[in-house]
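Just so it is clear, none of the values below were taken in a lab; they were calculated from the coordinates. Note that this is a predicted model, so its numbers are computed, not measured. Cβ coordinates were reconstructed from backbone atoms using ideal geometry, including for glycine residues, and neighbour counts include every protein chain displayed.
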Amino acid sequence: MNQSSYWDDFYSQGINLEPSGFATWLQTYIDLESFEIFDWGCGNGRDGLFLSQFAAKVTMLDSSSKAISVINDVIDRKGITNSIAHVFDVNDSNNYAVLNKGEILHYARFFLHAIDDSGLTNFLHRLKEISNMSKRSLAVFEYRIEEDSEDLYYIYGNHSRWLRAPSTVVQQMFDWGWELKFEDIGKGLAVFKDENPLIARQVFEYSLT
């Protein structure tokens with residue numbers, strides 16, 4: 001089963017629209033009023049839909065057509081006017097999101113787990129393209145890491161995961177013109193049932209110079 005097929009099946013099994021702890025943290029950490037948020041790997045949109053209450057606009061992007069269908073149904077049902085959702089593959093250079101060329105915030109919760117090394121390169125290239133057209137750009141990431149903080153590739157169930165060390169992500173972001181502004185590493189940030197993994201949260205700012 002490929003990655004998109006796995007997530008199509010996953011999101012066809014029901015939805016949970018409660019926002020993650022990362023989304024609620026972000027809403028208190030940054031004044032989002034002037035930002036257009038790009039929610040990369042948005043899943044069923046629970047975080048993007050929550051953040052749409054505080055941001056100027058939210059564009060939700062995911063490779064799963066099933067997930068995007070779920071989001072658009074919620075948008076229509078709730079009459080949300082400042083949010084859109086698109087099927088979007090970061091590896092497809094022909095896909096471009098509509099920009100307002102204002103302040104941009106790239107939001108990626110656990111998205112780094114879902115893309116391989118070439119996907120990560122394409123993702124960072126896409127962030128640079130968008131950020132070069134905006135007045136100000138931030139990128140906020142949350143992702144799981146290992147206790148020894150080493151990069152790790154593994155198979156979970158019937159899909160792939162890529163775990164990256166925070167230092168690796170910081171260096172790659174730096175190479176693409178981003179500066180680390182905030183970092184928190186620890187447990188208790190993304191507890192799910194009996195799981196309490198080690199998590200990295202990072203905030204980056206892009207410099208046009």
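With θ taken as phi - 60° and the Karplus curve 6.51 cos²θ - 1.76 cosθ + 1.60 applied, the whole-hertz 3J(HN,Hα) list for region 194-208 is 9, 9, 9, x, 6, 10, 10, 10, 9, 10, 10, 10, 9, 10, 7 Hz, x standing for glycine and proline.
Distances between placed amide hydrogens fall under 5 Å for SER83 paired with VAL58, all partners being 5 or more residues away or on another chain. Structural descriptor for region 24-114: relative contact order 35 percent, calculated from alpha carbon pairs under 8 angstrom and at least 6 residues apart. If you average the sequence gap of Cα pairs under 8 Å that are 6 or more apart and divide by the length of region 120-209, what percent do you get for the contact order? Relative contact order for region 120-209 comes out at 34 percent. Using the Cβ-Cβ distance between ASP194 and THR81 with R0 set to 35 Å, the FRET efficiency from 1/(1 + (r/R0)^6) comes to roughly 0.30.
Applying the Karplus relation 6.51 cos²θ - 1.76 cosθ + 1.60 with θ = phi - 60° to region 116-123 yields 3J(HN,Hα) values of 7, 5, 5, x, 5, 4, 5, 4 Hz, where x marks Gly and Pro.
Need one number: convex hull volume per residue for region 112-209, Cα atoms only, in Å³.
Convex hull volume per residue, Cα atoms: 107 Å³.
Residues whose amide H lies under 5 Å from that of HIS106, counting only those 5 or more places away or on a different chain, are PHE38, LEU138, ALA139, VAL140; hydrogens are built 1.01 Å from N in the peptide plane. All other residues whose Cβ lies under 12 angstrom from that of PHE88 are scored, Lys and Arg at +1 and Asp and Glu at -1, for a net of -3.
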